[in-house]
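Quick one: this structure, given as structure tokens, is what I'll be asking you about.
The values are calculated or read from the model by the stated rules, or taken from the named source; none is laboratory data. Everything numeric in this text was worked out from a predicted model, so none of it was measured. So basically every Cβ, Gly included, is an ideal-geometry build from the backbone, and we count neighbours across all protein chains shown.
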Amino acid sequence: MRNRKLLITGGAGFIGSAVVRYVIQNTQDVVINVDKLTYAGNLDSLVDVSANQRYSFEQVDICNRTELERVFSEHQPDAVMHLAAESHVDRSIDGPAAFIETNIVGTYTLLEVARSYWTALNMDCRARFRFHHISTDEVYGDLEDPEELFTEQTSYAPSSPYSASKASSDHLVRSWQRTYGLPTVLTNCSNNYGPYHFPEKLIPLMILNALEGKPLPIYGKGNQVRDWLHVDDHARALYKVISEGSVGETYNIGGHNEKQNVEVVSILCELLDELAPNSNIGHYSSLITYVTDRPGHDLRYAIDASKIQKELGWVPQETFETGIRKTVQWYLNNLEWCRSVQDGSYQRQRLGVTG
């Protein structure tokens with residue numbers, strides 16, 4: 001299909017904005033960005049594409065059924081890419097209610113509006129329509145075997161309110177396909193990094209703290225392992241799935257870059273020593289501090305992405321070494337964006353200590 005209309009929820013967020021930028025800059029598809037604009041959503045992430053005639057924005061909460069129905073009726077999308085979600089584990093420990101509301105109730109509401117819209121389409125449009133739900137590898141829980149990888153058949157075992165809410169939304173999407181026939185496809189990704197990442201997450205938090213000479217807090221021993229995926233690689237994968245993925249299928253998306261958290265922070269410090277030396281600090285690694293671990297912290301995530309490679313031909317273009325250097329340089333070049341997105345409600349303090 002060419003010149004599709006893609007309704008992208010959460011398109012002002014970190015991953016969502018990368019998808020919007022990719023679609024507008026690399027295809028002829030039309031994008032309808034539906035975003036509530038919470039603290040983590042920022043239209044400044046879309047300045048490169050916001051003036052494009054194929055892009056439009058609707059400030060709508062996915063829990064608002066009436067407004068969603070209006071958006072579907074006015075824009076007549078050919079597909080939905082559902083990225084809108086509360087996504088920070090630490091915040092889910094402090095306040096799980098918002099995660100239940102957005103990730104579960106919001107997904108249910110979007111599914112029902114999409115199903116009603118899809119049912120009323122003519123046969124050709126019904127056959128082309130897709131509902132793509134974007135999820136996380138955290139739904140799978142912890143990997144105890146150091147050789148084990150998450151596959152599409154791995155059983156769910158979420159550990160946090162965040163991952164439990166995403167697991168719930170995954171189950172809803174699959175059930176809407178099996179019960180009602182809604183043509184859905186689902187993806188679970190590993191940890192993303194890259195430009196326009198809200199500074200509550202590990203990599204931007206460490207970069208910004210280091211530049212200001214603040215402590216670099218590492219949970220526990222820092223031996224938690226994550227598979228790191230550059231957000232632009234993820235955007236390419238998501239477009240592959242919405243374009244070529246099979247209805248009812250799940251695709252795991254990973255970067256083939258397993259790193260311990262302490263290793264990631266050490267690499268960041270080395271890059272900052274090179275790219276932004278500070279004689280008052282010396283080596284940025286001197287700022288590393290170890291703090292009490294997060295409640296229920298999973299030790300290791302790792303994705304087997306062989307299915308999407310074999311069936312859709314996607315592989316990541318960035319290694320961690322190339323991607324993290326680009327990421328650090330981006331933050332050094334865009335400190336004003338970092339300051340602008342911190343509206344006073346979050347000043348890089350630790351969250352999630354009330355568990």
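Y162: free of Cβ contacts under 8 Å to residues at least 24 places away in the same chain and either buried (at least 17 other Cβ atoms within 10 Å of the Cβ) or within 20 Å of the chain's Cα centre (by Cα) (or both), yes or no?
Details: free of Cβ contacts under 8 Å to residues at least 24 places away in the same chain: no; either buried (at least 17 other Cβ atoms within 10 Å of the Cβ) or within 20 Å of the chain's Cα centre (by Cα) (or both): yes.
So Y162 fails the test.
Which of the residues belonging to region 275-294 are in a helix (DSSP H, G or I) and surrounded by 14 or more Cβ atoms within 10 Å (Cβ to Cβ)? Let's see the steps before the verdict.
Here is the first cut: in region 275-294, the ones in a helix (DSSP H, G or I) are 275, 284-287.
Those that are in a helix (DSSP H, G or I) and surrounded by 14 or more Cβ atoms within 10 Å (Cβ to Cβ): Y284, S285, L287.
Filter region 200-221 down to the residues that are assigned to a loop (DSSP other than H, G, I, E, B) and crowded, with 17+ Cβ neighbours inside 10 Å, then identify the one that is modelled with the lowest pLDDT. Break it down stepwise before answering.
Within region 200-221, the subset assigned to a loop (DSSP other than H, G, I, E, B) is 200-201, 212-215, 220-221.
Applying the additional criterion that residues be crowded, with 17+ Cβ neighbours inside 10 Å yields 200-201.
Numbers: E200: 76, K201: 81.
Step by step, filter region 200-221, then rank; the result is E200.
Could you tell me which of the residues A84, A127, A98 is under 23 Å from H197 (Cα atoms) and either buried (at least 18 other Cβ atoms within 10 Å of the Cβ) or at pLDDT 95 or above (or both)?
Only one candidate passes the filter, namely A84.
A quick yes/no check of all residues on (1) at pLDDT 95 or above; (2) surrounded by fewer than 16 Cβ atoms within 10 Å (Cβ to Cβ):
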site	(1), (2)
Q28	yes, yes
V34	yes, no
S45	no, no
V49	yes, no
Q59	yes, yes
I62	yes, no
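Also, quick follow-up: For region 229-241, state whether one or more residues are farther than 23 Å from N26 by Cβ, touching a residue at least 60 places away in the same chain (Cβ under 8 Å) and surrounded by 21 or more Cβ atoms within 10 Å (Cβ to Cβ). Let's see the steps before the verdict.
Within region 229-241, the subset farther than 23 Å from N26 by Cβ is none.
Within region 229-241, none of the residues are farther than 23 Å from N26 by Cβ, touching a residue at least 60 places away in the same chain (Cβ under 8 Å) and surrounded by 21 or more Cβ atoms within 10 Å (Cβ to Cβ).
Further, regarding this structure: For region 295-315, how many residues meet the condition of being assigned to a loop (DSSP other than H, G, I, E, B) and modelled with pLDDT of 95 or more? So that I can check it myself, show each step before the final result.
Initially, region 295-315 is screened for residues assigned to a loop (DSSP other than H, G, I, E, B), giving 295-299, 301-302, 304-305, 313-315.
This time we only want the ones that are modelled with pLDDT of 95 or more, so: 304-305, 313-315.
Residues flagged as assigned to a loop (DSSP other than H, G, I, E, B) and modelled with pLDDT of 95 or more within region 295-315 amount to 5.
Follow-up question, since we're still on this one. Scanning for something buried (at least 22 other Cβ atoms within 10 Å of the Cβ), among the acidic types (D, E) and either in a strand (DSSP E or B) or modelled with pLDDT of 95 or more (or both), does region 245-258 turn up at least one residue?
Taking every residue of region 245-258 in turn, none turns out to be buried (at least 22 other Cβ atoms within 10 Å of the Cβ), among the acidic types (D, E) and either in a strand (DSSP E or B) or modelled with pLDDT of 95 or more (or both).
Follow-up. Which ones in region 230-264 are over 23 Å from R174 (Cβ atoms) and in contact with a His (Cβ under 9 Å, 6 or more places away or on another chain)? Don't jump to the end; show me each part of the working.
Initial filter on region 230-264 (over 23 Å from R174 (Cβ atoms)): 230-233, 235-236, 255-264.
The answer is V231, G255, N257.
Please identify the pairs in which a residue from region 308-337 that is at negative phi and touching a residue at least 60 places away in the same chain (Cβ under 8 Å) has its Cβ atom under 8 Å from the Cβ atom of a residue that is in a loop (DSSP other than H, G, I, E, B) and of a type in the set (S, T, Y), counting only partners at least 6 apart or on another chain.
Between residues of region 308-337 that are at negative phi and touching a residue at least 60 places away in the same chain (Cβ under 8 Å) and residues that are in a loop (DSSP other than H, G, I, E, B) and of a type in the set (S, T, Y), the close pairs are E311/S246; W337/Y196.
Which members of region 144-185 meet the condition of being charged (D, E, K, R) and touching a Lys or Arg at 6+ places or on another chain (Cβ under 7 Å)? Walk me through it before giving the result.
Going through region 144-185, the residues charged (D, E, K, R) turn out to be 144-145, 147-148, 152, 166, 170, 174, 178.
Answer for region 144-185, where residues must be charged (D, E, K, R) and touching a Lys or Arg at 6+ places or on another chain (Cβ under 7 Å): just E152.
Kindly provide the set of residues from region 68-81 that are without any contact (Cβ under 8 Å) to a residue 60 or more places away in the chain and surrounded by fewer than 17 Cβ atoms within 10 Å (Cβ to Cβ), ordered by number. Break it down into steps so the answer makes sense when it comes.
Narrowing region 68-81 to residues without any contact (Cβ under 8 Å) to a residue 60 or more places away in the chain: 68-70, 73-74.
Across region 68-81, the qualifying residues are E69, R70, S73, E74.
Can you give me the number of residues within region 152-186 that are within 30 Å of M123 (Cα to Cα) and in a helix (DSSP H, G or I)?
Start the filter on region 152-186 by keeping residues that are within 30 Å of M123 (Cα to Cα), which leaves 169-186.
Going one step further and asking which of them are in a helix (DSSP H, G or I), we end up with 169-180.
Residues in region 152-186 being within 30 Å of M123 (Cα to Cα) and in a helix (DSSP H, G or I): 12 in total.
Something else: Kindly evaluate N3 against the criterion of being of a type in the set (S, T, N, Q), modelled with pLDDT of 95 or more and not in a helix (DSSP H, G or I).
Working: of a type in the set (S, T, N, Q): yes; modelled with pLDDT of 95 or more: no; not in a helix (DSSP H, G or I): yes.
In short, no.
Pull out all pairs, ordered by first then second residue, where Cβ-Cβ is under 6 Å, the residues are six or more apart or on different chains, the first lies in region 98-119 and is closer than 18 Å to R130 by Cβ, and the second is of a type in the set (A, V, I, L, M) and part of a helix (DSSP H, G or I).
T107/L172; V113/L68
For region 6-27, which residues satisfy the criterion of being in a loop (DSSP other than H, G, I, E, B), small (G, A, S) and closer than 22 Å to G245 by Cβ?
G10, G11, G13
Given the condition touching a Ser or Thr at 6+ places or on another chain (Cβ under 6 Å), small (G, A, S) and closer than 27 Å to H75 by Cα, answer yes or no: does some residue in region 123-135 qualify?
Step one: of region 123-135, the residues touching a Ser or Thr at 6+ places or on another chain (Cβ under 6 Å) are 131, 134.
Adding the requirement that they be small (G, A, S) leaves none.
No, region 123-135 contains no residue that is touching a Ser or Thr at 6+ places or on another chain (Cβ under 6 Å), small (G, A, S) and closer than 27 Å to H75 by Cα.
Do the conditions hold for G323, that is, is it in contact with a His (Cβ under 8 Å, 6 or more places away or on another chain), in a loop (DSSP other than H, G, I, E, B) and closer than 22 Å to I15 by Cβ?
Details: in contact with a His (Cβ under 8 Å, 6 or more places away or on another chain): yes; in a loop (DSSP other than H, G, I, E, B): no; closer than 22 Å to I15 by Cβ: yes.
Answer is no for this residue.
What number of residues within region 295-313 satisfy the criterion of being in contact with a helix residue (DSSP H, G or I) (Cβ under 6 Å, 6 or more places away or on another chain) and either surrounded by 21 or more Cβ atoms within 10 Å (Cβ to Cβ) or closer than 15 Å to V264 by Cβ (or both)?
Qualifying residue count, region 295-313: 2.
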